[in-house]
């Protein structure tokens, strides 16, 4: 119970670091490492040991002085906080380059994300499949959602259509939106939106490369 | 000159916000808006007016009290700081789902990013083209770079190959790496690495959706 209490205080900054902890802990579990000190973890992951102790302390007492962290326990606890000890029903809206790339990425399936359908506006694509996932008419999105409860939807449509897609998703109970369209979606507070703005990422790179800064 | 001096102090936090300013200013330019107050910009972009004034003040005196910002000047200055008033020679290493999606994304070309070649390890892909961009044997990467100076390389290879690709790029003068492989690349300080870790983004979403937090 103490751990659940503690979890409520996790800041957005810690949340943003958790997937990276998860990635390194995955590796340690795969390499059958039993325990690791904050100092060793620090050398791998690149955060300071004190930052790591502070972050991990947010969700329970896993570290023991002179012993370090129990890798398996810590890994499970982080999976739990990341919400990936359960599976997710997902769809993709927009079967363009990004939508297809996401549909083809089998790793997400291994992580527990099941893609049930893809929707697009282009009639030429209707009925085609990406792996075993069928592409449907976008007009079928709302009836589909009414019959099939979906947890997470990927939005990979052109910017001008993104908000109207978002509205349909929200209206039909989707609580997580993974948005690749370069717009800031408006959604109720209980719907989580995570953006991947590729152009903005590329511009961050050129900004950093630009010697006048 | 004062503006150049000022630019040197721009923090990483401001840099991360600049592409978003750029996106909204692009829209304003396209809609032929001449000037905008920090308050109006705040309503559009979602940062506070005081945050906007503070950010934009980092690179010159564009705002005038009671007048607002000159949209065209501010847009140009932000493009300049983002380094996109010039063009970039780029390549893509890894012709999988993500590599192909990036190669197909014509918007980057419109922004001044020219994709010169794609490299992959799979012989079946050699000689094929994505749009007009040819896929070459990864063994040709180093000789290619020696003949063709490249500014930015996208890495979209499996994690286990990403560092060795990075090493070849760095050795041959590539100064910007856009990394989609879920690894933390090691590169010299004068080589900028911008990461797009899709799995981590998806886990951030599930973490936010997870009600126990």
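Total residues in the stretch B:187-213 satisfying the condition of being in contact with a strand residue (DSSP E or B) (Cβ under 9 Å, 6 or more places away or on another chain) and more than 21 Å from residue A:85 (Cβ to Cβ): the figure is 7. Residues of the stretch A:180-196 being touching a helix residue (DSSP H, G or I) at 6+ places or on another chain (Cβ under 7 Å) and more than 7 Å from every other protein chain (Cβ to nearest Cβ), which ones? Passing the criteria: A:180, A:181, A:183, A:185, A:186, A:187, A:188, A:191.
Here residue A:164 fulfils each of the conditions (1) more than 7 Å from chain B (Cβ to nearest Cβ); (2) touching a strand residue (DSSP E or B) at 6+ places or on another chain (Cβ under 6 Å); (3) without any contact (Cβ under 8 Å) to a residue 12 or more places away in the chain apart from (2). Restricting attention to the stretch B:123-161, the residues being free of Cβ contacts under 8 Å to residues at least 60 places away in the same chain and in a strand (DSSP E or B) number 7. Checking B:158, B:123, B:182 one by one, the residue that is surrounded by 19 or more Cβ atoms within 10 Å (Cβ to Cβ), in the same structural domain as residue B:100 (by TED's automatic domain parsing) and over 24 Å from residue B:83 (Cα atoms) is B:182 and no other.
Looking at A:103, A:95, A:117 in this structure, which one is closer than 24 Å to residue A:161 by Cα, within 20 Å of the chain's Cα centre (by Cα), in a helix (DSSP H, G or I) and at pLDDT 95 or above?
Working: A:95 fails: in a helix (DSSP H, G or I); A:117 fails: in a helix (DSSP H, G or I).
Every option except A:103 fails the conditions.
At pLDDT 90 or above, within 14 Å of chain A (Cβ to nearest Cβ), in a helix (DSSP H, G or I) and crowded, with 18+ Cβ neighbours inside 10 Å: does that describe residue B:84? Can you show your working first?
Values: at pLDDT 90 or above: yes; within 14 Å of chain A (Cβ to nearest Cβ): yes; in a helix (DSSP H, G or I): no; crowded, with 18+ Cβ neighbours inside 10 Å: yes.
Here the answer is no, as residue B:84 does not meet what is asked.
The values are calculated or read from the model by the stated rules, or taken from the named source; none is laboratory data. Values in this document were obtained by computation on a predicted structure and should not be read as measured data. So basically every Cβ, Gly included, is an ideal-geometry build from the backbone, and we count neighbours across all protein chains shown.
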